[in-house]
Amino acid sequence: MKPIDLRVEGTRQGAMEVARNRMIFLMAVFTFGFFTLAIKLISIGVFQATNTDYPGSSGKNTVLMARADIVDRNGVVLATNLKTPSLGVNPYKINDPELLSYKIIEILPNLKRENVLENLQSSRRHVWIKRKLTPKQMFEINRLGEPGLVFSDAEKRIYPHGSLVSHVLGSVGVDNQPSAGVELYFDEHLSNPLRSEEPLELSIDIRLQHMLNQELNTYVERFSAKGGGGVILDANTGEILALSSLPDFDPNEYVEPDDPSRFNQILQGVYELGSGFKTFTVALGLDTKTVDLSSGYDASKPVKVARFTIHDDHAKNRWLNVPEIYVYSSNIGTLKLARDIGVERQKAFFDKLGLFRKTNAEIFEVGRPILPSQWGPTELVTTSYGHGIAVTPLHLASGVAAMVNGGRLNPATLLKKDASQIKSISSGSVDNQVISPETSETMRNLMHLVVEYGTGKSAKVDGYVIGGKTGTAIKAAGGGYRNKDVISSFISVFPIDKPKYIVFAMLDEPQGIKETLYMASGGWTAAPLVGNLIRRMGPLLGIAPTKKEEIEYESMILVSGTE
Amino acid sequence: MIRIFAAFAILTVMISTASVYNLKQATYDLEEKKRDISSQILKDRQAIKVLKAEMAYLSRPERLERLSRRHLVLDATQNEQLVADLNELTVRGSVQMATLPVDNFQLLLPRQKPNPSTFKKNNKKQKITPDVRLASYAKSAEKQNVIHKKELEQKSLYERILAKIGNYK
């Protein structure tokens, strides 16, 4: 094709020229514009194609879970949040309320049909029928295919284990606001949306918790006790592996805050725990070299202290050496030992053991010890065998742990300790050393003797060497003591040659039965409980049976048939 | 000249329009996909949470105990079933291990692994009782195994000896 050459002459030529120039300018501008566009396109397409990092791709979803999970030391879920649908209805869209109410009742049997029908015939636009359905119920309701029924989501805190760990976990209210337990104490972590993926790891082992709970239930029932409590402690790290208190409650249901079943006897309750304290007195006596094992005291006659006369429950009516005082749980011997130790040293020791302050357990409700208002000669004597001073059972358990684990007091905790924390404990600073390792070794042997020959015989377990100390405390009431009502307890260490676990159990007001010759003391009620528990938990924890070796200080004890 | 230029410009416009559209569409698709995946993840996480809670609920120790008592012939482990030390299994004084632990030898030549092909033949000869079923593996897993074995075989004996000596030092 031949290009046509247009030529304009004269005055018009100038105008043409201008137009052409403008055109070229315009074209240049457009060309430039499109070139930039093209270059930009190429650069986006070629060079930035691999960059897929758009917001949300690294996505932690913070909307999903409002509250973090709580798991046990093996990762078993103890508390979690689930989306639970609530069922509402728009009554204007319902054709046959009568029929529908029957169908709903079939799926949700704990509703009353009259109420449902009333809701379905209500004149409002939206009525709640039931809050917090299970997924299965939701499926069934959906299957009815009724357009008037609407679901809306709400978060619900679920405790799959029910009442098993109730006293540790506490509970939450309707809008997931915590009301007790670790739920309340660690609320800052649990309700922090940034940490909702990070479960709170407790030191509890659900399997041990179950065993403890079961044994407690059995024994509370057997002795018709008012209640009971127990705790299993790691002797070396202070971790609480199981903690149970009866009666307990189901955190899935609403329980009044002041309901008696909410009371945690191990962490909250303070009791005069009785003979368990003799462990402290004897350990202090040996550690300060006030006495040695071969020395002893005359325990043949009751002693008068202020207005009380103090007897021995398992009276031997003779001179007793230190192992015998401990093994036969002699009040007279212990108080004479305490007198030799003196008030100042005893007070300082109790303070070092943490008996004067609250425990470190991560719960706000922990009980404050009740101490004697003054510490005179009477208090010196009574506290030496665990009367006149009221502490929580956890105080006693962690104190005894320090007596046997080489003398280091590790504060009890509900949180799982990781490997580095455990390492730093074993490498250990000196400031938590309460008694010398040698005294601790002696105390282990004495506690073993109690189970072999003394008041704790019924805790004996074939194959395991365990140590322990019974405690039977008369309950204080209104300034005096009610002689009949006792708190029977047993604190045990196992295995005694290399302590790993501290097991404590107590029964509140147990009643003697025929098999126990109508006795309700710690040796008859709580000791067999702990024995049973150790028999069951040993294999679970992989603790191999130990052959019975020669028992230390066995020869020092004069065994007689009377018990 | 100007026509070529104009044609080029028009072409550029068309191409760029098409590519912009294409890009936009692709991005949109990706966004869509991402949203889908995100909501799927959300759903899955929710489902996982429900399943975890259900698992914790179904494996309550109390329930397991009840079930095992009803359906199993086994009882709870007793402590005498555990053995801490070989000596406890016999009444003889002290027990010597029949074979010394490997570490006692200064140098131990690694043995050739049995050839997988001969292995298979032997396996086929074995009569399989109808009660016993061989577990079937996914093909990819099998492939991986084969590759792994090949890698092992490729190492020369000398190399393996060196590796073994290296272990001792």
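The values are calculated or read from the model by the stated rules, or taken from the named source; none is laboratory data. Please read these numbers as outputs of a predicted model, since none were measured by experiment. All Cβ positions, glycine included, derive from the backbone under ideal geometry; neighbour counts span all protein chains shown.
Six or more apart or on different chains, Cβ under 6 Å: which pairs go from a residue in the range A:17-35 that's facing chain B (nearest Cβ under 10 Å) to one that's hydroxyl-bearing (Ser, Thr, Tyr)? Could you list them?
A:Phe34/B:Thr12
Could you grab me the full set of residues in the range A:450-478 that are crowded, with 24+ Cβ neighbours inside 10 Å and out of contact with any Gly (no Cβ under 6 Å at 6 or more places or on another chain)?
A:Gly454, A:Ile466, A:Gly467 - these are the residues of the range A:450-478 that are crowded, with 24+ Cβ neighbours inside 10 Å and out of contact with any Gly (no Cβ under 6 Å at 6 or more places or on another chain).
For (1) surrounded by fewer than 19 Cβ atoms within 10 Å (Cβ to Cβ); (2) of a type in the set (Val, Ile, Thr); (3) within 11 Å of another protein chain (Cβ to nearest Cβ), each residue gets a yes or a no:
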position: A:Pro147; (1), (2), (3): yes, no, no
position: A:His161; (1), (2), (3): no, no, yes
position: A:Val172; (1), (2), (3): no, yes, no
position: A:Gly181; (1), (2), (3): no, no, no
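Can you report the number of residues in the range A:63-112 which are surrounded by fewer than 21 Cβ atoms within 10 Å (Cβ to Cβ) and polar (S, T, N, Q)?
Final tally of qualifying residues: 6.
What pairs come out if I take residues in the range B:44-62 that are facing chain A (nearest Cβ under 7 Å) and pair them with residues that are in a helix (DSSP H, G or I) and among the charged types (D, E, K, R) whose C-beta lies under 9 Å away, six or more apart or interchain?
Partner pairs satisfying both residue conditions: B:Tyr57/B:Arg63; B:Pro61/A:Arg207.
Just to check your reading of the model, which residue among A:Asn410, A:Asn360 is at pLDDT below 90 and surrounded by fewer than 18 Cβ atoms within 10 Å (Cβ to Cβ)?
A:Asn360
Could you tell me whether the range A:184-203 includes any residue that is hydrophobic (A, V, I, L, M, F, W, C), crowded, with 20+ Cβ neighbours inside 10 Å and within 14 Å of chain B (Cβ to nearest Cβ)?
yes
So, in the range A:500-519, how many residues would count as being surrounded by 24 or more Cβ atoms within 10 Å (Cβ to Cβ) and either assigned to a loop (DSSP other than H, G, I, E, B) or free of Cβ contacts under 8 Å to residues at least 60 places away in the same chain (or both)?
Total meeting the criteria: 1.
Within the range A:310-325, can you find the residues that are over 39 Å from the mean Cα position of the chain (by Cα), modelled with pLDDT of 85 or more and not hydrophobic (A, V, I, L, M, F, W, C)?
A:Arg318, A:Asn321
Under the condition of being more than 8 Å from chain A (Cβ to nearest Cβ) and among the aliphatic types (A, V, I, L, M), which residue from the range B:16-29 is surrounded by the most Cβ atoms within 10 Å (Cβ to Cβ)?
B:Ala26
Every residue in the range A:207-262 that is of a type in the set (Ser, Thr, Tyr) and touching a strand residue (DSSP E or B) at 6+ places or on another chain (Cβ under 9 Å), please.
Passing the criteria: A:Tyr219, A:Thr237, A:Ser244, A:Ser245, A:Ser261.
A:Ala348 versus (1) touching a strand residue (DSSP E or B) at 6+ places or on another chain (Cβ under 9 Å); (2) of a type in the set (A, V, I, L, M, F, W, C); (3) without any contact (Cβ under 8 Å) to a residue 60 or more places away in the chain: which is the lone unmet condition?
(1)
Within the range A:120-128, does at least one residue satisfy the condition of being buried (at least 17 other Cβ atoms within 10 Å of the Cβ) and in a helix (DSSP H, G or I)?
yes
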